[in-house]
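Let me begin by presenting the structure, written as structure tokens, before commenting on it.
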Amino acid sequence: MQTLRRGPPLHLSASEEEVLVKKVLETHSPDGRHVDSELLLNLVESIMGHATTSNARVPYADLEATTTDNSHKADVFHVYEPFGQTIHKLSHEMMTKCSGDSHATTMMVFDLLGSHSWDGKLVLVIAAFAVSYGELFLITRQKSSIGVRWELWSLVHKVRNTHGHLRKQLDACYQCIEAKLHHTLLSLFEETNDDNLKVLGMLLALKDDLPLWDGYLQEQICIDVLKSKIVLLLLSKIDISIAQVLLLQQTYDHPHRKSEKSYEIVWIPFQSSVSWNHLEVKAFNQVANTVPWYSICRPWLLSSAVLNYMKEEWNYEDEPLIVVLDQQGRIICPNAMDMVIIWGGDAYPFSTSREKQLWGEARWTLELIMGDIDPLMSMWIKEGRTICLYGSDNINWIREFSSKMKSIIRAGVSLELIYVGNGNPGEHVREILDTITKENLSRYLPQTKIHFFWIRLNSMRSSKKRLGKDIQNDSVMEEVMSLLSHGIREEGWAVMGRGSSTDIIQLHGRKLMECLTLFPVWGDNIEKVGLLNAIRKAFDPAQDVVHCHHSRIVPYAEGTDEGLVICDECKRPMEKRILYQCLQYPGTNG
């Protein structure tokens, strides 16, 4: 009579699963030995492909050649057992016990492979199956009995079933470990640490370096170099833009990083496809070998629990993100990308409070608009020169604008004219720059710096928005949004300012050209009120009869002279007056 045997349950209870996973983890004690997976798998393929025709024995000597000693991770005096013997033991145990208790057989396998990594365990088990498979076929060549062949195929079937069961058990272990790690990550930042190493060790955990039950952790890289430093974790796709890389490089090269205000950038790249492929690995290596900061060595081995945590808890999607950890591993800014792009190393320590402080000190000036994009421009701004930034995609408009502005310059007005492109700089920018150069229309920013210019403006908008600012309650936000809106239109635009002064005017469209055409009419006012106020009066002659009562009190210090001061309200020059005030007046120090 045919007997029936109940197989192992497909689903374990929570307590049974936890006990099983704990037992498996207790056997996992990797000592740093390395398995050449590619070579072993090639041998497996060779065995399976020639098993039915080869009379040669299984090449254990070749398998032993795959052993390499990772001397920096293991005791150099430790003698490793040859892999050929390990594979032979696995093959023997699985074949002789394949019809017995599958759980016991599985645990036996884990015990034998305790000193190997998870990937190494799997490759060695596959190799053992291949050896058994090859030997079975060698036996069939020597035995012509059909009965023996049917018995051999039965054993092959059992071997395949055992392999499938082992694979399911290993997957279950991985899932349980990942779940435990995810739970640990959720409470990671609730703890108080003396330094940042524990947090970084968890965030940089590999699939094979997950924390064990005794709390031990193997880090992927020697994170001691990051100890007690501000760490900027850069999350991005592999194809991060060159412009963003160069802007970040300015931050990395900042003197603050090499001083006592030490900080480091660590790049954590995300693949674009479901899993890493050859082209993505190649692209990652190319970028990682180019940038000066730290990069994850093997990002394709990062724990999925860590990656999912970053996506869910840090809201990482596709746009680059910088999460800042302080010296104790606490998050002090959930996204410092905009801050870094705008202020570079001056944003140290890159905290949210520092971002608010910087905006509290910022004013809408050419210095803020340009930053450190171009050294020559920075020098002109410090010298107090009057500068006109302009942009358009229409080369005919650029020619007309340049002609009118040069007429003003020839009339004796000191003015620097700079083309900075438009809000969506594309391939046509190169053609426009070539035309500007050929026809000597004006100065211009190089194509890469044009990208910098618009990236910074967009970062200003993003930073302000994240801090809850809009055009109704923030004057800088109003100016940024106005400039960005002009930058995406077909009509041209211009921004004029003087040095680091807040006296800035934005002009665009048809009215801009009409104003410049009327220069012979309002040009005489430049000597009296300056270029910018002369333009304002040309737009709104009624300014002369509008009374402004705004005043600005500046404490007197001998030898100080602020020069020409512009009213923050009406943008006209302010008259200097002297006010004598009693020391007992309320609000003074007297």
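The values are calculated or read from the model by the stated rules, or taken from the named source; none is laboratory data. Since the structure is predicted, the reported quantities are computational estimates derived from the model, not experimental observations. FYI the Cβ positions are ideal-geometry reconstructions off the backbone, even for glycines, and counts take in every protein chain you see. Heads up: the accessible areas ignore ligands, DNA and RNA and are worked out on the full protein's heavy atoms, side chains in. Shrake-Rupley method; radii C 1.70, N 1.55, O 1.52, S 1.80 Å.
Within region 381-398, the only residue that satisfies the criterion of being of a type in the set (Asp, Glu) and either part of a helix (DSSP H, G or I) or surrounded by fewer than 18 Cβ atoms within 10 Å (Cβ to Cβ) (or both) is GLU383.
When you scan region 86-98, do you find a residue that is hydroxyl-bearing (Ser, Thr, Tyr), open to solvent by 30 Å² or more (accessible area, probe 1.4 Å), assigned to a helix (DSSP H, G or I) and modelled with pLDDT under 70, even just one? Yes; the residues of region 86-98 include at least one that is hydroxyl-bearing (Ser, Thr, Tyr), open to solvent by 30 Å² or more (accessible area, probe 1.4 Å), assigned to a helix (DSSP H, G or I) and modelled with pLDDT under 70.
Of all residues in region 224-241, those that are touching a strand residue (DSSP E or B) at 6+ places or on another chain (Cβ under 9 Å) and at pLDDT 85 or above total 11. Pull up region 517-558, narrow it to residues that are closer than 21 Å to GLU400 by Cα, open to solvent by 70 Å² or more (accessible area, probe 1.4 Å) and assigned to a helix (DSSP H, G or I), then point me to the one that is modelled with the lowest pLDDT. If we take residues in region 517-558 being closer than 21 Å to GLU400 by Cα, open to solvent by 70 Å² or more (accessible area, probe 1.4 Å) and assigned to a helix (DSSP H, G or I), then PHE539 is modelled with the lowest pLDDT. The set of residues in region 439-469 being farther than 21 Å from ILE373 by Cβ and open to solvent by 60 Å² or more (accessible area, probe 1.4 Å) consists of GLU439, ASN440, LYS465, ARG466, LYS469. Specify which of the listed residues (ALA128, ALA104, ALA65) is over 23 Å from ASN42 (Cβ atoms) and either modelled with pLDDT of 60 or more or within 45 Å of the chain's Cα centre (by Cα) (or both). Within the list ALA128, ALA104, ALA65, the selection yields ALA104.
Yes/no per residue for (1) open to solvent by less than 60 Å² (accessible area, probe 1.4 Å); (2) in a strand (DSSP E or B); (3) within 21 Å of GLY423 (Cβ to Cβ):
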{"site": "ASN335", "(1), (2), (3)": "yes, no, no"}
{"site": "PRO349", "(1), (2), (3)": "yes, no, no"}
{"site": "GLU355", "(1), (2), (3)": "yes, no, no"}
{"site": "ILE373", "(1), (2), (3)": "yes, no, yes"}
{"site": "MET379", "(1), (2), (3)": "no, no, no"}
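The residues in region 301-320 that are open to solvent by 20 Å² or more (accessible area, probe 1.4 Å), modelled with pLDDT of 85 or more and outside any loop (DSSP other than H, G, I, E, B) can be counted, and the count is 5. When ARG363 is tested against (1) surrounded by 15 or more Cβ atoms within 10 Å (Cβ to Cβ); (2) in contact (Cβ under 8 Å) with a residue 60 or more places away in the chain, only condition (1) is not met. When VAL413, VAL495, VAL476 are checked against the criterion of being touching a residue at least 60 places away in the same chain (Cβ under 8 Å) and part of a loop (DSSP other than H, G, I, E, B), a single residue qualifies: VAL413. Taking region 155-210 as the range and being basic (Lys, Arg) and in contact with a Ser or Thr (Cβ under 8 Å, 6 or more places away or on another chain) as the test, the residues that pass are LYS158, LYS207. Residue count for region 416-430, restricted to those that are acidic (Asp, Glu), in contact (Cβ under 8 Å) with a residue 12 or more places away in the chain and open to solvent by 50 Å² or more (accessible area, probe 1.4 Å): 0. In this structure, PHE401 qualifies as buried (at least 20 other Cβ atoms within 10 Å of the Cβ), over 25 Å from LEU247 (Cα atoms) and in contact (Cβ under 8 Å) with a residue 60 or more places away in the chain.
One residue stands out among those in region 479-492 that are open to solvent by 40 Å² or more (accessible area, probe 1.4 Å) and part of a loop (DSSP other than H, G, I, E, B): the one that is modelled with the highest pLDDT, which is GLU491. Number of residues in region 272-300 that are closer than 30 Å to CYS173 by Cβ, open to solvent by 50 Å² or more (accessible area, probe 1.4 Å) and among the hydroxyl-bearing types (Ser, Thr, Tyr) equals 2. None of ASN473, ASN440, ASN422 is among the polar types (S, T, N, Q) and in contact with a Gly (Cβ under 9 Å, 6 or more places away or on another chain) except ASN422. Only one entry of LEU170, LEU212 meets the criterion of being part of a loop (DSSP other than H, G, I, E, B) and either at pLDDT 80 or above or open to solvent by less than 60 Å² (accessible area, probe 1.4 Å) (or both), and that entry is LEU212. Close Cβ contacts (under 6 Å, 6 or more residues apart or on different chains) running from residues in region 177-197 that are farther than 14 Å from ALA305 by Cα to residues that are open to solvent by less than 30 Å² (accessible area, probe 1.4 Å) and at pLDDT 80 or above comprise ASN193/GLY329; ASN196/LEU325; ASN196/GLY329.
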